[in-house]
Amino acid sequence: MPDIGKMVSGFRVFKSTTFPEQQDIIRHFIDQGQKPTTMFISCVDLRIPPAMLFATNPGELYVVNNIGGLVPKYNSTGVHGITAAIEYAVTGLEVENIVVLGHAKCNSIKMMMSDEFDKTDGLSESMRTWLSIASEARDAVKAEMSESSIEEQQAACESESLVISLRNLMTYPYIAQRMEEDKLNIFGWHFNIEEGEIMAFDPDTGFFEPIS
Ligand SMILES: [Zn+2]
């Protein structure tokens with residue numbers, strides 16, 4: 001487990017190698033201001049950050065991570081940093097794409113699928129409330145895949161949760177409007193870290209297909 005000393009050493013390496021190498025790119029992004037064209041909504045335990053996955057330059061992506069990479073419905077009660085971030089990305093930065101990036105072996109989805117989710121003395125109230133955004137996925141998988149292995153149930157719940165987040169994105173009026181004007185596209189991608197594959201949700205078929 002890396003300790004804070006390793007972080008400081010790592011920063012020294014960054015400062016002496018990556019920073020001078022990419023100084024022109026970094027300067028360019030400072031001069032032109034924040035103008036990412038794609039927002040990623042991903043999970044805190046994705047393990048490989050989108051900038052590394054998609055080989056982008058600093059400042060090219062607008063990334064928001066949360067537990068499970070979930071998107072609540074528009075006007076959900078509570079304080080949600082994610083809704084403010086979405087609003088700013090769409091109405092302020094006018095991003096052209098939003099990608100909800102789920103992933104395999106997701107600890108957040110694992111928590112949602114666990115028995116702890118149901119116990120009153122299990123998950124904390126804040127955790128349960130947050131994960132409940134995708135409880136419909138959990139309920140469907142538990143009902144329809146009771147004979148399947150835990151791993152298969154988890155994988156199905158990861159995909160279903162992603163579809164729920166996509167559906168919830170559509171409830172934001174400014175997102176629906178910009179999509180209608182053909183100025184915004186939304187995507188649901190699932191990253192399998194073991195296979196090194198990304199599967200994209202196809203809303204026309206309801207299935208996931210490899211992106212490459
Ligand atoms: Zn995760």
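Only the coordinates and a few stated rules stand behind these numbers; no lab work does. These figures come from a predicted structure and were not determined experimentally. Don't worry about glycine lacking a Cβ; one is built from the backbone with ideal geometry, like all the others, and counts go over all protein chains shown.
Reducing the range 153-212 and the range 1-65 to their Cα centroids gives an inter-centroid distance of 24 Å. Full extension of the chain between Asp204 and Lys142 gives 19.8 nm of extra length, using 0.36 nm per residue less the Cα-Cα distance.
Near Val71, the amide H atoms lying under 5 Å from its own belong to Ser165; only residues 5 or more places off or on other chains count, and H is placed 1.01 Å from N.
Once the other residues with Cβ under 15 Å from the Cβ of Glu181 are scored (Lys, Arg +1; Asp, Glu -1), what is the net sum? Neighbourhood net charge equals -2. Gain on full extension, evaluated as 0.36 nm per residue between Asn97 and Asp3 minus their Cα-Cα distance, stands at 30.3 nm. Checking the cross-link pairs Lys105/Lys142; Lys15/Lys105; Lys105/Lys183 against a 22 Å limit on the alpha carbon distance flags Lys15/Lys105; Lys105/Lys183 as lying beyond it.
Per the Debye formula on identical point scatterers at the alpha carbon atoms of the chain, with no solvent, log10 I(q)/I(0) at q = 0.07, 0.09 Å⁻¹ is -0.25, -0.41. Sites listed here are chymotrypsin sites (Phe, Trp or Tyr not before Pro) in the range 1-110 whose DSSP assignment is loop and whose Cβ has at most 15 other Cβ atoms within 10 Å: Phe54. Sorted fewest first by neighbouring Cβ atoms within 10 angstrom, Asp121, Asp202 come out as Asp121, Asp202.
Once C-alpha pairs closer than 8 Å and six or more residues apart are averaged by separation and normalised to the residue number of the chain, the relative contact order reads 21 percent.
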